[in-house]
1. Take the residues in the range 18-43 that are part of a loop (DSSP other than H, G, I, E, B) and within 16 Å of the ligand (Cβ to nearest atom); name whichever of them is surrounded by the fewest Cβ atoms within 10 Å (Cβ to Cβ).
2. Return the pair list, or none, for Cβ contacts closer than 9 Å from residues in the range 328-339 that are on the phi < 0 side of the Ramachandran plot to residues that are among the small types (Gly, Ala, Ser) and at pLDDT below 95, at least 6 apart or on different chains.
3. Checking the structure you have, find out if any residue of the range 2-17 is in a strand (DSSP E or B) and either on the phi > 0 side of the Ramachandran plot or exposed (fewer than 14 other Cβ atoms within 10 Å of the Cβ) (or both).
4. Please count how many residues of the range 51-81 are part of a helix (DSSP H, G or I), closer than 19 Å to residue 334 by Cβ and either away from the ligand (no atom under 16 Å from the Cβ) or in contact with an Asp or Glu (Cβ under 8 Å, 6 or more places away or on another chain) (or both).
5. Being surrounded by fewer than 24 Cβ atoms within 10 Å (Cβ to Cβ) and not in a loop (DSSP other than H, G, I, E, B) is the filter here, so list the residues in the range 407-433 that pass it.
6. Does the range 172-186 contain any residue that is away from the ligand (no atom under 16 Å from the Cβ) and among the aromatic types (Phe, Trp, Tyr)?
7. Return the total of residues in the range 333-354 being farther than 21 Å from residue 110 by Cα and either within 15 Å of the ligand (Cβ to nearest atom) or at pLDDT below 95 (or both).
8. Given the residues 371, 390, 317, which is the only one that is touching a residue at least 60 places away in the same chain (Cβ under 8 Å), aromatic (Phe, Trp, Tyr) and away from the ligand (no atom under 16 Å from the Cβ)?
Amino acid sequence: MGQWTRESIRQVIASKFAGRKIIAVSNREPYQHFRSNNRMDCAQPASGLITAVDPIMRASGGVWIAQGSGEADREAVDEWDHARVPPDEPAYTLRRVWLAPELSREYYYGLSNEAIWPVCHMVFRRPQFTERSWQSYRRVNEIFAEAVLQEAGGEAAVVLIQDYHFALLPRILKRHNPKLRVAQFWHIPWPDAGAVRILPWREELLQGLLGNDLLGFQLKEDCAHFFASVAQNARNALGASGGCAAADGHVTTVRAFPISIDFAEHSRRAASKDVDANMRRWLGELGPAPEIVGIGIDRVDYTKGIPERLAALDLLFQEHPEYLGRLVFVQVGVPSRTAIPEYRSLDDEIAAQVSQINGRWAMRGWKPIVFVPRQLDQQTLIALHLMADFCVVSSLHDGMNLVAKEFVGSRIDEDGVLVLSEFAGAARELTDALIVNPFCVYEIAAAMHDAITMAPQERRRRMLGMRAVVAANNVYRWGSELLAALARTDPSHGAHHDRHRERLPEPEENTYARRDAQFV
Ligand code: F6P
């Protein structure tokens with residue numbers, strides 16, 4: 001297939017899953033309701049997961065089950081906790097699950113983000129393991145299972161589970177309704193088997209995941225780590241080879257599906273008039289127009305390497321005083337998971353670092369760092385991408401990092417340099433970025449200098465290369481490939497399970513590293 005579009009997803013659903021209900025499951029909901037000036041309003045939270053799954057749901061007209069979190073969410077649902085979305089063009093049903101505040105806290109902040117998140121990112125943060133948060137995680141997985149089973153109504157529905165909040169869900173679902181076709185996409189990295197061993201509940205978590213028919217990761221190396229973890233930890237696992245893992249006679253296909261963005265839509269928005277206006281507004285906020293602009297856009301999360309990036313900027317000014325008064329770095333830091341002490345102390349650390357660096361170098365109305373501590377709308381982000389000479393993504397470990405792909409998607413002018421961590425999944429595809437070790441501050445500083453001094457034709461060559469990669473490997477490819485692979489796990493599509501008993505199939509070659517890669 002040449003061009004991957006919304007239509008590709010529609011075609012896969014029509015040809016492989018005709019007449020079957022599609023049910024997506026995630027913790028974060030795709031639309032939140034709130035009241036403004038006595039009017040009911042609805043907005044989509046900024047999340048790569050949501051922009052990736054939304055087109056599948058629009059095409060399928062199914063049900064998306066997620067935790068209700070908007071302040072007016074309860075007012076917006078009917079007696080089945082259903083709301084039709086998107087509000088302006090209803091295409092599918094959002095089923096909201098209500099969790100008691102304490103249960104939600106222990107499952108989301110506790111087990112999901114203080115235990116599984118640090119273990120999977122391997123960034124040397126001590127995970128917090130408590131029996132209470134584990135029990136809450138189990139309970140929430142059961143609550144979501146009830147909602148899925150109810151929506152499926154005993155039929156052979158297709159269930160698309162998102163992320164690490166629901167490792168136990170697939171197995172519960174299969175136990176109660178073996179007819180379901182269940183796929184899960186794990187948006188964050190899968191760590192090496194040694195790291196998995198420190199999870200006290202690793203066996204239940206792995207067994208839960210092995211309830212899936214298809215388990216998707218961002219990278220092939222995540223799949224390899226997963227197989228090693230199964231081999232070391234899951235007692236009933238028959239084995240893990242040939243792209244499949246099996247437990248209790250059930251086979252799970254494991255494959256990489258690097259997530260992406262809607263490249264065409266992104267480029268279209270970058271060409272719009274609004275972006276011009278936004279760009280001017282931004283330049284005004286920065287004070288006298290800076291000669292050189294660098295940007296960083298992240299959730300404030302310890303995996304994103306923000307302090308390392310700011311330290312690199314400090315070093316850059318020490319080594320290249322010629323940039324003083326000329327270079328401004330705009331760092332957007334979207335507040336995230338602030339109920340977790342680690343995230344709050346990172347906020348404080350970054351604020352102190354910004355004021356220290358600004359205090360050290362500021363002069364004559366100029367300061368080197370503009371810190372924006374809030375979520376910006378997409379048009380403003382695109383404006384920011386377009387006015388940047390370089391963008392820095394310095395994650396210490398990241399499943400994919402869509403900021404990198406969005407920066408590339410916005411650059412319709414075929415200019416701008418991306419400085420990218422080798423530990424972000426995106427580095428496998430965006431090989432024309434300046435790739436750095438984010439733990440090494442002087443490497444980031446050197447890459448910033450290289451970005452600033454790079455010749456225009458070299459910048460263009462690299463940006464064109466990256467744009468071609470993201471254009472070819474867009475989010476519709478991700479969705480279409482995932483759905484097609486799930487269809488292939490169906491016994492009625494070729495006796496997958498019986499064949500497995502004799503010999504596990506060969507691994508599927510699926511590298512997105514090259515734009516001319518062949519897809520199965
Ligand atoms: O990157 C992993 C992820 O869970 C995404 O899927 C999600 O969009 C992002 O982190 C933000 O997480 P949260 O929903 O906890 O704010």
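The values are calculated or read from the model by the stated rules, or taken from the named source; none is laboratory data. Source: prediction; values computed, not measured. Virtual Cβ from ideal backbone geometry, glycine too; neighbours counted across all protein chains shown.
1. Filtering the range 18-43 for residues that are part of a loop (DSSP other than H, G, I, E, B) and within 16 Å of the ligand (Cβ to nearest atom), the one surrounded by the fewest Cβ atoms within 10 Å (Cβ to Cβ) comes out as 28.
2. From the range 328-339, the pairs are 328/287; 334/46.
3. no
4. 1
5. 427, 428
6. no
7. 1
8. 390 is the lone residue from the list that is touching a residue at least 60 places away in the same chain (Cβ under 8 Å), aromatic (Phe, Trp, Tyr) and away from the ligand (no atom under 16 Å from the Cβ).
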